[in-house]
Amino acid sequence: MFFVLPAVFAAALFFDFRGRYGREKRLYIALSVIALALSVLAGFAAQSDHVGASFSGMISIFMR
Amino acid sequence: MGEDKITSGAGAALCIMTLMTNAYSVMPGAEAGAGVWISHIAAGALALILALLFAVLCDAFPEKSFFGVLEVALGKFAGRLIAFFLAVASLLTCVVSLTVFSRFVQITALPQTPQIIIPGLVIVIAALSLRCGLRAASGSARLLVWFSVAVFLIYVIFGIGRAGLSLTAPDMTRVEPLLSGGGEVFLNRFGALPALMAIYVRMPKKGRRAPFFAAIGGVAAALCIIALITVATLGAETARTDFYPIYTAMSVRGVGGFIQHTEIFACIAMTLCLFFKSAVCLAFSDDMLSGVFSAERRLGAAMPLALICAASTQLIYRDISGLRGMVEWKSGAWFAVALYVAAAILPWLGERVRRAKTGKAQ
């Protein structure tokens, strides 16, 4: 369940990535890796009853 | 950046909207008690001085980007170090603002909604708006700033009747809370000051100082008045203990008998301001990081930076008292403020030294 956020992030980055090359492309990839890593951590934080996110609530919104 | 130019008026409006983020929810510096408005004056004065140092530096090299100016003034290594620090500081202040706002929305209106939804939406839309540089954001800011002005006027004019100005008399025997409160106010309200240079360098070279400083000075005055009215309405003790005292004071406002729940206008104004602050901080950080890593900026990296900020809103605090500890960061506030001051003074000094050496060589 906690892969929802990384999946959404990966999709957004994939669709935004096009048209970059050279050093800009490498910087974009490096920042994207950081963003995906943080999204995995955010997912873990949500699952450990962190007050911030509620992923079970997010899933139930998609399932309605 | 050659094509990404904005008008002076739009730039000033964008500065105002960026600095007014969360102006109607939390009130940093409340530990200063009834004298919190003095803390706001101190923070506003410091912001104007640092903005002047940055502006003088940029005006010395009008054809260069802000990163280019830092490199010329400080050299390659120190310039990149300062640029990296300013980029991280801008992103951090953006994350804290997003977190405070999302928590605020969760408490007041959307308790069942995952907290990442609101900051995620706001900052992703801000990242998408940067596809045509800051022109889209600045054009929107020029129109929407009047809404923010209207909310401010509602707060002040229709709050005067409920205000007891005698409650705002400060305790001048204890100066330390006023100063430490000033540090908190500076970090929370003016933490995005370096990011405003992303706006300044895109404004027309001639006559950009006046609107730029008028915007910052105007916001500093407005924030001071908001703090004054809040304490006059709620009293110093309630303003100190309530995490969202300005919102609480706003919720007892009405406009005659025909506009109720004026706190909803405050929520709308804060959402708009958060969008503009996100856009400006992302644009600035993108500029700085592209320079630090020598990446020629064509399409930019605003989207991954936006997603980093969105994910960080879930990670930077444990519970509401932890979030409050971040906003009211007394122990570290002056250290952080000192870093900001150093980031402004060092390039300015570096440019003076460079100019003196060039003059001697000739």
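Odds and ends about this structure:
- The residue that is farthest from B:Ala301 (Cα to Cα), counting only those in segment B:123-141 that are out of contact with any Cys (no Cβ under 8 Å at 6 or more places or on another chain) and surrounded by 24 or more Cβ atoms within 10 Å (Cβ to Cβ), is B:Ala141.
- Those residues of segment B:175-200 which are outside any helix (DSSP H, G or I) and polar (S, T, N, Q), in sequence order: none
- Which listed residue is acidic (Asp, Glu) and part of a loop (DSSP other than H, G, I, E, B), from B:Glu63, B:Glu71, B:Glu31: B:Glu63
- Tallying residues that are in contact with an Asp or Glu (Cβ under 9 Å, 6 or more places away or on another chain), within 26 Å of B:Phe186 (Cα to Cα) and either more than 10 Å from every other protein chain (Cβ to nearest Cβ) or not in a helix (DSSP H, G or I) (or both) within segment B:126-138 yields 1.
- Listed by first and then second residue, the pairs linking a residue in segment A:35-54 that is closer than 16 Å to A:Ala7 by Cα and more than 7 Å from every other protein chain (Cβ to nearest Cβ) to a residue that is outside any helix (DSSP H, G or I) and modelled with pLDDT of 70 or more, with Cβ atoms under 9 Å apart and 6 or more places separating them unless they lie on different chains, are A:Val40/A:Phe3; A:Gly43/A:Phe3; A:Gly43/B:Gln314.
- Failed item in (1) out of contact with any Phe, Trp or Tyr (no Cβ under 7 Å at 6 or more places or on another chain); (2) surrounded by fewer than 24 Cβ atoms within 10 Å (Cβ to Cβ); (3) not small (Gly, Ala, Ser), with B:Phe104 passing the rest: (1)
- Residues in segment B:1-33 that are under 16 Å from B:Glu237 (Cα atoms) and touching a Leu at 6+ places or on another chain (Cβ under 6 Å): B:Ala32 alone.
- Filter pass, B:Val69 being touching a residue at least 12 places away in the same chain (Cβ under 8 Å), more than 14 Å from every other protein chain (Cβ to nearest Cβ) and over 20 Å from the mean Cα position of the chain (by Cα): yes
- Restricting attention to segment B:139-168, the residues that are of a type in the set (Phe, Trp, Tyr) and in a loop (DSSP other than H, G, I, E, B) total 1.
- Filter result (within 7 Å of chain B (Cβ to nearest Cβ), assigned to a loop (DSSP other than H, G, I, E, B) and among the charged types (D, E, K, R)) within segment A:3-29: A:Arg20
- When segment B:93-125 is filtered for residues that are more than 9 Å from chain A (Cβ to nearest Cβ) and assigned to a loop (DSSP other than H, G, I, E, B), the ones remaining, listed by number, are B:Ala109, B:Leu110, B:Pro111.
- Scanning segment B:1-48 for residues that are among the polar types (S, T, N, Q) and crowded, with 23+ Cβ neighbours inside 10 Å yields B:Thr18, B:Thr21, B:Asn22, B:Ser25, B:Ser39.
- Odd one out for B:Asp171, checked against (1) surrounded by 19 or more Cβ atoms within 10 Å (Cβ to Cβ); (2) in a loop (DSSP other than H, G, I, E, B): (1)
- For segment B:263-310, the set of residues classified as assigned to a helix (DSSP H, G or I), without any contact (Cβ under 8 Å) to a residue 24 or more places away in the chain and either within 12 Å of chain A (Cβ to nearest Cβ) or crowded, with 24+ Cβ neighbours inside 10 Å (or both) consists of B:Pro304 only.
The values are calculated or read from the model by the stated rules, or taken from the named source; none is laboratory data. All of these numbers come straight from a predicted model, not from anything done at the bench. Backbone-built Cβ (ideal geometry, glycine too); neighbour counts: all protein chains shown.
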